[in-house]
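Take a look at the structure below.
The values are calculated or read from the model by the stated rules, or taken from the named source; none is laboratory data. Treat the numbers as computed from the prediction; the structure is a model and nothing was measured. Backbone-built Cβ (ideal geometry, glycine too); neighbour counts: all protein chains shown.
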Amino acid sequence: MSTQPLARIPFDSFTLGAVCTEISEFVGGKVQDIRQPSADSVCIGIYAGGREAMLLLCCHAEFARVHFITKRPPNQASPPSFLTALRSRLEGGRLVGVEQVLGDRILDLNFASPFGDFRLIAEIMGKHSNLMLVDAQQKVVAAAKWVSSSKTSRTIQPNAPYRLPPVMAGKGDVKQSPFYRKLAESLEGSAPSPTSPVISHGYGAYPCSVASLGYAENVRASISVALEQHYDAAIPLAEVQALRGGLLTQLRRLLEGRNVALGNLRDAAAAGGKAPEWQRLGELILAYGYSAPLGNDRLDAWDYDGSEIKIPIDPDLDFKSNAEAYFLKAKKAKGRIGFVREQIERVGADAAEIQAALLQIESETTLNRLRGWQETARSKRWVHQQEPVARKKEDRPYEGHRIREALAPGGYVVLYGENAESNDYLTLRVAKPNDIWLHVRGATSAHVVIATRNQPDRVQPETIRYAAKLAVMNSTSKHAGYVPVDYVLRKYVRKPHGAAKGSATYANEKTIHIESDQA
């Protein structure tokens, strides 16, 4: 028995062949019900020989499969166009044929209905999986996923001829499945026979015993029963892992931001403690500076205890202006110290709460509890989902999107969005790969872009600080004291698939810290 970690049991051509055999028992049956519980799956109710069965066909990128199910799923709130096309052509018709195309992961169901002959083709091929309704002229009538020429050499478009995938792994030979080959080798070369379906909890279902590969298994009455039980457990588990992973990533990033803020606040508190020293230096400058010549960067003076002291001064200012600079510095430090201490307490408590939440989420295994944590994180504004703002587009640049322009030091144009939709447009459509993109870390803010003219290395720190202030001024952290702002080249910014408007992830960032009273 192998000591290597067990792999997930795949839905391969061997498994589809076993399902195809089960479906063949319903050839001649009448189509009584068609449902579409999700965008990537349909269910067809077939009545034959006094038996009614519900066949699931799913083209999910990770969980693509075909098998009978025992539970009648609900429909979506409004019928999708794919469901409408299936119902209008197949309901009341009969299943007249079933075929596994060239022994691969393609199932071809043939239907005869009052509206003509049709084929429902399920291609169970990972992220390329699809469901297509094809008419008697072999043209695609409807599909779960339309595919344009920009994505693949084989387009799937209305009224286009149906063609097989350009690469057919294992044409006519189910032994091309790597898992099947491994299973055959474990049986000393004899071909597995799909006569005893099993489920191996946590790994998958298969039409025959997989015990020779080291899997614990339980025999089931049919391959469909085994598959249904496996996916009933596997899909919620995947949802748990995805939700937990997303929450952990966001909260860890937020905690990092809080810890950076705490470090900056503690530095500010330490600086506030120097207020008496700066006040004293200003007084000594007034006492001894009248005799000091202009142009020196140090002033020789005697401290109150009689010791000699050298005070750093600005050679371009007179002694009164240098003294005033120290007095102003002391005044700001004294005025800020109380606020900074309050901020340290508030941010420290928030960081501790986030850390405690992370420990809870890391060990959470139920979807409902994780959704509860997600709502808690949103209510505390630990994570934020920007809602698109519906506005009438005005006759202005950027196709009517609310994008503002500002002129930064050095003559650089800085752009920033006023809502989630404008942020998307600015980041994804306007910004060039070598422009500098800025966003307040761990908070909702405008997307800010410095147009670098393809020379980001020439952008000076004062230009970046100016753009960072714009990000803070247009964020939920504009009154937060010390605010971290991330900046990165636009080419390292992307929007996750399916994310809300205004959402973005990025890498290779640097961080600048802005005082809100500077913004």
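Find all pairs meeting these conditions: Cβ atoms under 7 angstrom apart; at least six residues apart or on different chains; first residue within region 392-413 and more than 13 Å from Val448 (Cα to Cα) and at pLDDT below 85; second residue of a type in the set (Gly, Ala, Ser) and surrounded by 10 or more Cβ atoms within 10 Å (Cβ to Cβ).
As it stands, the answer is Lys393/Gly400; Glu394/Gly400, since those pairs meet every condition given.
Just for region 20-42: of the residues that are of a type in the set (S, T, N, Q) and closer than 24 Å to Lys127 by Cβ, which one is nearest to the chain's Cα centre (by Cα)?
Pass one, region 20-42, residues of a type in the set (S, T, N, Q): 21, 24, 32, 36, 38, 41.
Still in the list and also closer than 24 Å to Lys127 by Cβ: 36, 38, 41.
On the way: Gln36: 26, Ser38: 20, Ser41: 23 Å.
In this case the residue turns out to be Ser38.
Go over the candidates Asp303, Asp314 one by one and state the one that is out of contact with any Leu (no Cβ under 6 Å at 6 or more places or on another chain), surrounded by fewer than 18 Cβ atoms within 10 Å (Cβ to Cβ), within 14 Å of Pro276 (Cα to Cα) and at pLDDT 85 or above. Working first, answer last.
Details: Asp314 fails: within 14 Å of Pro276 (Cα to Cα).
Asp303 is the lone residue from the list that is out of contact with any Leu (no Cβ under 6 Å at 6 or more places or on another chain), surrounded by fewer than 18 Cβ atoms within 10 Å (Cβ to Cβ), within 14 Å of Pro276 (Cα to Cα) and at pLDDT 85 or above.
Give region 43-71 a look and list any residue that's over 31 Å from the mean Cα position of the chain (by Cα) and loosely packed, with under 13 Cβ neighbours inside 10 Å, or say none.
Within region 43-71, Gly49, Gly50, Arg51, Thr70, Lys71 meet the criteria.
Evaluate the following for Lys310: is it assigned to a helix (DSSP H, G or I), among the charged types (D, E, K, R), in the same structural domain as Gly257 (by TED's automatic domain parsing) and more than 25 Å from Ile514 (Cβ to Cβ)? I'd like the intermediate steps shown before the answer.
Details: assigned to a helix (DSSP H, G or I): no; among the charged types (D, E, K, R): yes; in the same structural domain as Gly257 (by TED's automatic domain parsing): yes; more than 25 Å from Ile514 (Cβ to Cβ): yes.
Answer is no for this residue.
Taking the criterion of being assigned to a helix (DSSP H, G or I), more than 24 Å from the chain's Cα centre (by Cα), closer than 30 Å to Gln360 by Cα and of a type in the set (Lys, Arg), would at least one residue in region 248-256 satisfy it? Talk me through it step by step, then tell me what you get.
If we filter region 248-256 for residues that are assigned to a helix (DSSP H, G or I), which is where we start, we get 248-256.
Checking which are more than 24 Å from the chain's Cα centre (by Cα) leaves us with none.
The answer is no, given that none of the residues of region 248-256 is assigned to a helix (DSSP H, G or I), more than 24 Å from the chain's Cα centre (by Cα), closer than 30 Å to Gln360 by Cα and of a type in the set (Lys, Arg).
Working carefully through the options Lys469, Lys491, find the one that is over 24 Å from Leu243 (Cβ atoms) and surrounded by 19 or more Cβ atoms within 10 Å (Cβ to Cβ). First the steps, then the outcome.
Numbers: Lys491 fails: surrounded by 19 or more Cβ atoms within 10 Å (Cβ to Cβ).
Selected residue: Lys469, the only one of Lys469, Lys491 that is over 24 Å from Leu243 (Cβ atoms) and surrounded by 19 or more Cβ atoms within 10 Å (Cβ to Cβ).
Can Lys501 be described as farther than 22 Å from Asn454 by Cβ, among the charged types (D, E, K, R) and in contact (Cβ under 8 Å) with a residue 24 or more places away in the chain?
Details: farther than 22 Å from Asn454 by Cβ: yes; among the charged types (D, E, K, R): yes; in contact (Cβ under 8 Å) with a residue 24 or more places away in the chain: yes.
Against the criterion (farther than 22 Å from Asn454 by Cβ, among the charged types (D, E, K, R) and in contact (Cβ under 8 Å) with a residue 24 or more places away in the chain), Lys501 qualifies.
Test of understanding: among Lys145, Lys151, Lys182, which residue is surrounded by 14 or more Cβ atoms within 10 Å (Cβ to Cβ), out of contact with any Lys or Arg (no Cβ under 8 Å at 6 or more places or on another chain), of a type in the set (Lys, Arg) and at pLDDT below 90? Don't jump to the end; show me each part of the working.
Numbers: Lys145 fails: at pLDDT below 90; Lys151 fails: surrounded by 14 or more Cβ atoms within 10 Å (Cβ to Cβ).
Every option except Lys182 fails the conditions.
Limited to region 264-299, what total is found for residues that are touching a Lys or Arg at 6+ places or on another chain (Cβ under 6 Å) and farther than 25 Å from Glu515 by Cα?
Of the residues in region 264-299, 1 are touching a Lys or Arg at 6+ places or on another chain (Cβ under 6 Å) and farther than 25 Å from Glu515 by Cα.
Might you check whether a residue that is under 24 Å from Asp232 (Cβ atoms) and in a loop (DSSP other than H, G, I, E, B) occurs anywhere in region 178-187?
Scanning region 178-187, I find no residue that is under 24 Å from Asp232 (Cβ atoms) and in a loop (DSSP other than H, G, I, E, B), so the answer is no.
Mind checking which residues of region 76-88 are of a type outside the set (Ser, Thr, Tyr) and more than 15 Å from Cys43 (Cα to Cα)? Break it down stepwise before answering.
Taking region 76-88 first, the residues of a type outside the set (Ser, Thr, Tyr) are 76-77, 79-80, 82-83, 85-87.
Of everything in region 76-88, just one residue is of a type outside the set (Ser, Thr, Tyr) and more than 15 Å from Cys43 (Cα to Cα), namely Ala77.
Checking Ser321 against (1) in a helix (DSSP H, G or I); (2) of a type in the set (Ser, Thr, Tyr); (3) in contact (Cβ under 8 Å) with a residue 12 or more places away in the chain, which single condition isn't satisfied?
Every condition holds for Ser321 apart from (3).
What's the number of the condition Asp300 fails, among (1) touching a strand residue (DSSP E or B) at 6+ places or on another chain (Cβ under 7 Å); (2) part of a helix (DSSP H, G or I); (3) among the acidic types (Asp, Glu)?
(2)
Only strands (runs of 3 or more DSSP E) wholly contained in region 418-519 count here; list those with 1 or more residues that are of a type in the set (Gly, Ala, Ser) and either in contact with a His (Cβ under 6 Å, 6 or more places away or on another chain) or more than 21 Å from Gln250 (Cα to Cα) (or both).
Values: elements: 436-440, 448-450, 482-489, 510-515.
Once the strands (runs of 3 or more DSSP E) in region 418-519 are filtered for at least 1 residues that are of a type in the set (Gly, Ala, Ser) and either in contact with a His (Cβ under 6 Å, 6 or more places away or on another chain) or more than 21 Å from Gln250 (Cα to Cα) (or both), nothing remains.
Go through (1) modelled with pLDDT of 90 or more; (2) surrounded by fewer than 19 Cβ atoms within 10 Å (Cβ to Cβ) and name the single condition Arg378 misses.
(1)
Scan region 211-240 and report the pairs whose first residue is closer than 17 Å to Pro73 by Cα and whose second residue is assigned to a helix (DSSP H, G or I), with Cβ atoms within less than 8 Å and a gap of 6+ or a chain change.
Ser224/Val19; Ser224/Glu22; Leu227/Thr15; Leu227/Val19; Pro236/Leu367
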